[in-house]
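Here is the structure we will look at, set down as structure tokens.
The values are calculated or read from the model by the stated rules, or taken from the named source; none is laboratory data. Computed from a predicted structure; not experimentally measured. Backbone-built Cβ (ideal geometry, glycine too); neighbour counts: all protein chains shown. Accessible surface is based on the protein model in full, side chains and every heavy atom, while ligands, DNA and RNA are left aside. Shrake-Rupley method; radii C 1.70, N 1.55, O 1.52, S 1.80 Å.
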Amino acid sequence: MSRRALRRLRGEQRGQEGPGLGPLGLDPQPGHCPERARQAGPPPDPANRLRAGVSNRFELILAEEESEDGEERVDTQLSRQDMAGGNKEGNRERNKEGAVTEETDDGQREGQEEQLDQMPVSSNKPRKKKKKRKTKKTSSGETLEDNDLEDIDSMLERIQAPSGLSPQSHSGVSADSRPLLYVEHRNLNPENEWKRYFGAHAVLGDQRTRQRQRQYLRSTWLTVPKNTWPRYSKTGITMRLLDTQGGVQHFTFEHHREYQQVQYKFLDTVESIDPNNIVLLLHMNPYHVDSLLQLSDVCQMEEDQEMARDLIERALYSLERAFHPVFSLTSGTCRLDYRRPENRAFFLALFKHLMFLEKQGCPRTALEFCKLILSLDPENDPLCVLLLIDFLSLRAREYTFLTRLFQEWENHRNLSQLPNFAFSVPLAYFFLSQQEERPELERSQAQERAAQLIQLALIMFPSVLMPLLDHCSVQPDTRVASHPFFGLNAQVSQSPALNQLTSLYVGRTHGLWKDPAVMAWLEPHVHEVLRMVEAQHPLVQEAEHKRKIRYQSAPRNIYRHIILSEMKEAMAALPLEVTSQPVMGFDPLPPLDSIVSYTRPERTSHPSNESTLSLFFRSLLPNFNLQGDIWHDGDDEAGAGQVLNQGVNRLMAAMRDMLANIQFQEPPNDDNPEGDGDWD
């Protein structure tokens with residue numbers, strides 16, 4: 001908008017302006033106005049000199065619009081000089097920083113207008129703001145435009161670098177700089193993995209429109225709460241910080257008195273061997289974790305996978321609501337002791353959840369949960385997820401993570417002595433060598449490393465080859481099939497503990513070896529190992545000696561892992577001392593050195609000398625007691641008769657109560673009396 005239009009809006013005329021009379025020749029002499037003389041700015045431009053010789057101010061309309069830019073430049077200089085009295089030091093500092101440049105007229109105008117934007121303006125003259133690219137100064141004094149500024153993630157990276165924090169991988173930070181067991185929140189949601197496979201529209205569908213109508217549920221990282229779940233209320237589970245040592249924080253779950261009472265009732269329902277009792281208990285306490293875990297196993301045995309998975313997710317939701325404020329899922333520095341019974345439910349719920357995720361085709365999400373379980377207790381690994389993490393890494397195509405885990409943990413954990421790592425790591429190197437986007441040098445190094453490791457694996461665990469080929473439906477050649485090193489003798493001579501490990505690996509990962517390219521890569525290395533065996537290479541003798549000394553008995557966490565995995569090949573190889581004892585889904589094979597914080601009170605029981613009829617009615621009515629609360633020796637006949645009368649009276653009362661509680665359901669009325677007679 002021009003200055004002429006602004007004056008028209010304000011109801012002013014050109015001749016009525018106080019400060020603007022000078023250019024029209026109507027100003028008093030400079031000597032009569034010393035204050036105005038002091039405020040005199042730079043010499044006026046040619047347009048102003050033209051106005052000085054004109055008496056009719058209306059003839060200057062065209063000239064005024066043509067010299068609009070000149071007027072703004074003059075007004076800018078006048079306003080800057082009006083403010084110069086109190087801001088000389090500030091102007092000097094800004095001139096030193098280079099905010100105002102004198103190279104060109106355009107640069108001068110941009111710098112002066114920027115100064116005016118930063119200073120309070122005392123003049124009443126309206127000014128037209130011009131759009132320009134804003135500039136920002138770095139710490140070194142360099143001026144950057146908005147187009148050249150880095151994004152927010154890069155700035156956060158510079159801020160967080162001194163504190164040791166790591167932003168996401170897409171911000172330019174290498175994954176190798178993060179902790180090994182670093183967990184990303186976005187990888188804990190299976191929907192994100194499905195979106196990468198099928199697209200957001202195919203995954204969400206009309207879910208976006210229905211989200212506005214759902215009730216509010218607190219968002220969590222481990223699961224997505226559902227509208228079909230019961231309303232959540234405090235269950236009596238809390239988390240407490242025990243101590244902090246070397247940057248590692250140790251936590252534990254705690255059960256309050258109310259939750260302990262529910263736990264006692266749960267143990268009673270488990271002893272009753274009736275799943276309906278667990279359902280009734282969950283109806284009263286819908287977020288009791290152990291009941292959810294046990295009922296999930298029952299649903300899984302009945303092949304109701306959807307309900308089993310839903311119960312596990314509800315258990316995780318209940319436990320996450322009890323987290324300590326400083327407990328972090330992603331840092332990898334928070335620990336939970338599996339020896340405490342209160343912590344075991346969290347381990348088991350996470351493990352069962354990742355097994356469901358793997359079956360649903362979400363190996364990347366399952367791998368993230370596997371890393372989370374391992375980070376909670378990496379030294380003891382109570383569920384032995386190291387036997388599973390290699391399989392999930394290969395399925396999720398996270399070959400770099402698997403090779404990095406092997407390199408960093410091999411020295412202190414001897415991962416090469418586990419059959420799964422001995423065979424999966426060279427397979428990961430082989431897949432890396434097949435990636436064409438990698439440099440040729442890296443591909444050749446990965447190929448050499450794969451060849452070296454697969455030969456060592458075949459020498460150390462020869463009993464894996466033939467079952468693996470059998471599961472892949474591959475017929476070996478005559479030399480391999482008839483050689484005793486890979487034959488039946490290799491499987492029979494190995495210890496039961498090693499047989500469990502090899503059976504678990506073959507049964508779980510044989511699908512990854514069915515690729516024809518993998519078999520073509522494996523074949524020459526098998527023949528090379530046979531050549532080394534025939535030449536009596538020292539590595540062959542050393543591996544045989546290690547197999548005889550080691551693998552005498554498997555630790556308890558491996559048995560626990562096999563039971564939770566439900567792998568048929570490995571379950572058949574479990575020893576008798578494990579299969580003979582009862583295994584509960586809410587606490588399979590508890591540690592022998594458990595740290596118990598509270599114990600279940602002992603239940604008083606009367607001597608079992610009841611008759612067959614009494615036991616029969618007790619099976620129907622658990623509260624029925626034929627002999628009453630008073631026990632008699634039965635020496636005299638009067639006492640025996642009194643006991644008999646009391647028993648009969650109790651029996652009749654129990655029968656009346658049972659008959660009174662029986663309700664018969666009438667068949668529904670059918671409008672069509674000639675129907676087929678089937679009831680819904």
Q: Two decimals is fine: what's Rg over Rh for region 465-579, C-alpha atoms, Kirkwood radius as Rh?
A: 0.99
Q | By accessible area with a 1.4 Å probe, ligands and nucleic acids excluded, highest first: order of 563, 273 | A | 273, 563
Q: Find the centroid of the Cα atoms in region 306-335 and in region 416-485, then give the distance between the two in whole Å.
A: 37
Q | Beta bridges by DSSP in region 227-340, antiparallel share as percent, to the nearest 5 | A | 75
Q) In terms of the ratio Rg/(2.2 N^0.38 Å) built on C-alpha atoms, what value belongs to region 268-345? A) 1.25
Q | For residue 584, distant residues with modelled amide H under 5 Å away | A | 589
Q: Work out the length of the dipole vector of region 486-554 about its Cα centre, built from +1 on the beta-carbon of each Lys and Arg and -1 on the beta-carbon of each Asp and Glu, and round it to the nearest 20 debye.
A: 320
Q) With the dipole of region 497-564 worked out from charges on the C-beta (+1 for Lys and Arg, -1 for Asp and Glu) around the Cα centre, which of 552, 537, 502 lies farthest toward the positive end? A) 552
(Q) As a test question: what accessible area, to the nearest 10 Å², does residue 266 have when a 1.4 Å probe is rolled over all protein chains in place? (A) 0
Q | region 397-576: relative contact order in percent, alpha carbon pairs under 8 Å with at least 6 residues between | A | 22
Q | region 354-426 - Kirkwood radius from inverse mean 1/r over Cα pairs (Å) | A | 12.3
Q) Any idea of residue 510's accessible area? Nearest 10 Å², probe 1.4 Å. A) 40
Q) Computed on alpha carbon atoms, what radius of gyration and Dmax characterise region 401-510, expressed in Å? A) 15.1, 45
Q: Report the accessible area of residue 310, computed with a 1.4 Å probe over the heavy atoms of all protein chains in place, in Å² rounded to the nearest 10.
A: 20
